[in-house]
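Taking it in order: structure first as structure tokens, then the write-up.
The values are calculated or read from the model by the stated rules, or taken from the named source; none is laboratory data. Note that this is a predicted model, so its numbers are computed, not measured. Please note: Cβ atoms are built from the backbone with ideal geometry, for glycine as well, and neighbour counts cover all protein chains shown. Protein only, heavy atoms only, side chains kept; ligands, DNA and RNA dropped before computing areas. Shrake-Rupley method; radii C 1.70, N 1.55, O 1.52, S 1.80 Å.
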Amino acid sequence: MHDRLNAERAGATPPRLLVISPWESVWSLDGDQNVRAGVSDDDHFIDGFARAGYELHFLRPASGRTDERVVTHTYPNFFRATRNFPTAARRVLWPALFNALVIPRAVSLARSLSPAVVLGHSHYATAATWWCRRWTGAPGIIKLFGVMDLVHTEWSAARYYAKNFEQLAALRFPQDAWIVLDDGTRGGDILRSRGIPAERIHFLPNGLNLEWMDRREDRAAARERFGLPAQATVVLFVSRLVSSKRPGDFLAAAYRVMRQFDDARFVIAGDGPLRDELEQTAREFRLPDRFRFLGVVPHDDIPALMAASDLFVSTSTLTNRALPTCEAMMCGVPVLAYS
């Protein structure tokens with residue numbers, strides 16, 4: 001792989017990377033185009049390769065979004081068209097449509113671009129990356145954003161395979177390297193147990209802005225900034241509002257607490273498909289002033305939000321070593337998390 005990259009770098013044309021992705025944008029938590037809701041390692045990936053003189057090509061669902069740093073290629077956005085289908089239907093339909101629509105497009109692009117490397121995002125892209133690798137000889141790399149429910153080896157065999165059949169099938173396609181975001185879900189152990197050679201597994205640890213450790217935000221100013229009472233006990237939840245993060249559990253616990261503590265306030269920062277449902281649930285509690293839904297919070301504002309809080313709560317079903325939990329501890333905020 002290194003020899004190919006060096007040869008491309010020495011050639012007359014810039015070396016090219018082809019990235020195959022199931023996501024519309026570089027970072028799925030974008031609110032406003034200019035507001036980053038969190039640290040995106042893909043942003044650093046793009047910036048680094050662009051500075052090094054590489055030409056990046058992204059194959060992703062059609063959405064109208066563009067990024068001037070990369071060349072965007074698209075395929076029909078069946079994810080958006082079928083997002084209201086039942087979960088069981090989507091679990092079968094999405095991988096089938098991805099392979100049927102994306103593999104021919106990806107192989108055609110790879111043959112025309114002659115990329116130095118083909119990088120697939122998530123288990124969706126393993127077959128497409130493998131076919132590009134086979135047709136062009138370019139090294140194939142898969143980047144897994146955690147290993148999801150593959151970690152639950154304590155489940156019965158029937159439940160384990162029912163929950164994980166897409167991921168298990170994806171691991172059957174050999175790659176030159178597997179990059180796993182090290183988010184606490186034992187990615188290395190899981191991949192090795194499924195037959196992936198240890199030397200082909202590489203971790204990309206979650207990164208923290210260590211400058212926050214020396215950044216002291218004024219508590220009173222932070223509370224005023226976010227519209228929080230100066231004397232209240234503030235409980236914070238920061239996450240994508242999706243089922244795997246269990247924001248509903250946070251609301252249910254908040255309801256029990258707020259009936260016993262008049263000064264408790266509950267702040268939910270983040271956005272996602274469950275937001276409308278969560279806000280409706282909060283309204284049904286008939287104490288709307290006790291809840292604050294902040295939506296997307298720019299990442300640079302997180303230290304101030306932490307300074308305004310007395311307790312950070314994480315209810316993720318997958319891992320509680322995600323960035324917000326680590327950031328809360330780094331900012332000195334006590335953490336309450338599922339074990």
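Those helices (runs of 4 or more DSSP H) of the stretch 220-338 in which at least 2 residues are open to solvent by 50 Å² or more (accessible area, probe 1.4 Å), considering only elements entirely within it, cover 247-258, 275-284.
The set of residues from the stretch 43-66 being in contact with a strand residue (DSSP E or B) (Cβ under 8 Å, 6 or more places away or on another chain), open to solvent by less than 30 Å² (accessible area, probe 1.4 Å) and modelled with pLDDT under 90 comprises just one member, I46. Pairing residues of the stretch 134-149 that are in contact (Cβ under 8 Å) with a residue 24 or more places away in the chain with residues that are aliphatic (A, V, I, L, M) and part of a loop (DSSP other than H, G, I, E, B), at Cβ distances under 6 Å and at least 6 apart in sequence or on separate chains, gives P139/M1. For the stretch 132-152, a residue qualifies if it is under 25 Å from the mean Cα position of the chain (by Cα), in a helix (DSSP H, G or I) and farther than 17 Å from Q167 by Cα, and exactly one does: C132.
Among the residues of the stretch 140-149, is any in contact with a strand residue (DSSP E or B) (Cβ under 6 Å, 6 or more places away or on another chain), of a type in the set (G, A, S) and on the phi < 0 side of the Ramachandran plot? Give the steps one after another, and end with the answer.
So the first thing to find is which residues in the stretch 140-149 are in contact with a strand residue (DSSP E or B) (Cβ under 6 Å, 6 or more places away or on another chain), and the list is 140-146.
This time we only want the ones that are of a type in the set (G, A, S), so: 140, 146.
Keeping just the survivors that are on the phi < 0 side of the Ramachandran plot gives 140.
Within the stretch 140-149, one or more residues are in contact with a strand residue (DSSP E or B) (Cβ under 6 Å, 6 or more places away or on another chain), of a type in the set (G, A, S) and on the phi < 0 side of the Ramachandran plot.
Within the stretch 167-197, restricting attention to residues that are at pLDDT 85 or above and part of a strand (DSSP E or B), the residue that is most open to solvent (accessible area, probe 1.4 Å) is I179. When A106, A96, A116 are checked against the criterion of being crowded, with 20+ Cβ neighbours inside 10 Å and within 23 Å of the chain's Cα centre (by Cα), a single residue qualifies: A106. Only a single criterion out of (1) in a loop (DSSP other than H, G, I, E, B); (2) open to solvent by less than 50 Å² (accessible area, probe 1.4 Å); (3) among the polar types (S, T, N, Q) is not satisfied by N84, namely (2).
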